[in-house]
Amino acid sequence: MSSEEAKVVVPRNFRLLEELERGEKGIGDGTVSYGMDDADDIYMQSWTGTILGPHNTAYEGKIFQLKLFCGKEYPESPPTVRFQTRINMACVNPETGVVEPSLFPMLANWRREYTMEDILIKLKKEMMTSHNRKLAQPPEGTEEARPDPKGPAKCCVM
């Protein structure tokens, strides 16, 4: 039996539960984080992510909020990723905030083993690349979050 045949495919919900647990525990150096957007979403489709702008870049000192949407085909297909905070970055549509798969290789060349954490870390690294790090960012007055097309976000009381 080859190693390909021996590979166990984890069902979607188990995979998302693993990602949720990792996100809730806090990851890495604390400059990226993520979690579920709506605890009542039984399909675990809607997620939020946060990236702290890296030092020595035009993004430094800013907190970037993102929405990640994991469709029914996730993790076979990548989630859609959209910055809610306005950002000037080569792979992000300036009007919608959507991370364009054609301009962000991780989404274009998606592999099942990639995670939402991987996407956030890669986006942070992308902020530090030579063609992004010095890009002028939207003025402070335009920092309000983009409206969510599904309506206002629900929040939970702890």
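Every read-out reported here was derived from the displayed coordinates using simple, explicitly stated rules and does not represent laboratory data. These numbers come from a predicted model, not from an experiment. Glycine gets a Cβ as well: all are built from the backbone with ideal geometry, and neighbour counts include every protein chain shown.
Going by the alpha-carbon gyration tensor, a ≥ b ≥ c the square roots of its eigenvalues, is the stretch 1-85 rounded (a/c under 1.5) or, if a/c is not under 1.5, prolate (a/b greater than b/c) versus oblate?
On the way: a/c = 2.26, a/b = 1.69, b/c = 1.34.
Because a/c hits 1.5 or more and a/b exceeds b/c, the stretch 1-85 counts as prolate.
What is the dipole size for the stretch 24-120, taken about its Cα centre, with +1 at each Lys and Arg Cβ and -1 at each Asp and Glu Cβ, in debye to the nearest 20? Show your work: numbers first, answer last.
Values: 8 positive and 14 negative charges, 49 e Å.
So the magnitude is around 240 debye.
Can I get the semi-axes of the stretch 8-51's equivalent ellipsoid? Compute them from the C-alpha gyration tensor as square roots of 5 times the eigenvalues, in angstrom, largest first. Don't skip to the answer; put the middle values down first.
Working: eigenvalues 73, 40, 11 Å².
Whole-Å semi-axes of the equivalent ellipsoid: 19, 14, 7.
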